[in-house]
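The values are calculated or read from the model by the stated rules, or taken from the named source; none is laboratory data. Model, not experiment: these values are computed from the prediction. When we count neighbours, we look across all protein chains shown, and the Cβ atoms used for this are built from the backbone with ideal geometry, even at glycine. Calculation scope for accessible area: heavy atoms of the full protein, side chains included, ligands and nucleic acids excluded. Shrake-Rupley method; radii C 1.70, N 1.55, O 1.52, S 1.80 Å.
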Amino acid sequence: MFKDYRIRAAAILLLAALIGGSALLVSWLREDGAGVLIGGAFELTDQSGRRVTDSDFRSKLMLIYFGYVFCPDACPTALQTMADAVDLLGPAGNDVVPIFITIDPERDTTEVLGDYAEAFHPRLRALTGTPAEVARAAKAYRVSYRKAEETAPGEYLMDHSSIVFLRS
């Protein structure tokens, strides 16, 4: 783990360099310990159907991205960049967990997320929940999203923020 702050800082700088053109926002606890400026607690369901909370990942650095499976461009690009960054870290990448949180729980079921996550990285955790649970997680990270107008029944895009968050 990144217990030594120098190693943690170096890993963060390397991840930032590897993410490159993608927006990377580092989420830290406030110094007074009163809470977080961006980011926070969540309770969601992973692609295997297991309930998880943010504290399940606290022993690692988390790369978190909010998006949806049917996204035509931003989401797959960000997830592939995250996967590449984790791999390029070599053994230190084992201390980083890539996390994808859907903003479209209506279509992104655990089964759909399982297939999607496998396409990017074997350790990618894909999370969903009820619309209220997803909204709470997105609000904690200041992520905006909305369902766009349907082009056909059940066919629509989601407008959303495109930021990769790094959280310890």
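Things to note:
- Matching residues, the range 109-128, being touching a helix residue (DSSP H, G or I) at 6+ places or on another chain (Cβ under 9 Å) and open to solvent by less than 20 Å² (accessible area, probe 1.4 Å): 117, 121, 124, 126, 127, 128
- Residue 84 meets each of the listed conditions (1) buried (at least 17 other Cβ atoms within 10 Å of the Cβ); (2) modelled with pLDDT under 95; (3) within 15 Å of the chain's Cα centre (by Cα) apart from (1).
- Within the range 131-143, being open to solvent by less than 70 Å² (accessible area, probe 1.4 Å) and modelled with pLDDT of 95 or more holds for 132, 133, 134, 135, 137, 138.
- Filtered by the rule that a residue be of a type in the set (Asp, Glu) and within 24 Å of residue 56 (Cβ to Cβ), the range 122-168 gives a lone residue, 133.
- The set of residues in the range 148-168 being touching a helix residue (DSSP H, G or I) at 6+ places or on another chain (Cβ under 9 Å), open to solvent by 20 Å² or more (accessible area, probe 1.4 Å) and more than 20 Å from residue 135 (Cβ to Cβ) consists of 168 alone.
- In the range 126-138, the residues that are under 13 Å from residue 65 (Cα atoms) reach residues that are among the charged types (D, E, K, R) and open to solvent by 40 Å² or more (accessible area, probe 1.4 Å) with C-beta atoms within less than 9 angstrom, at least six apart or across chains, in these pairs: 137/43.
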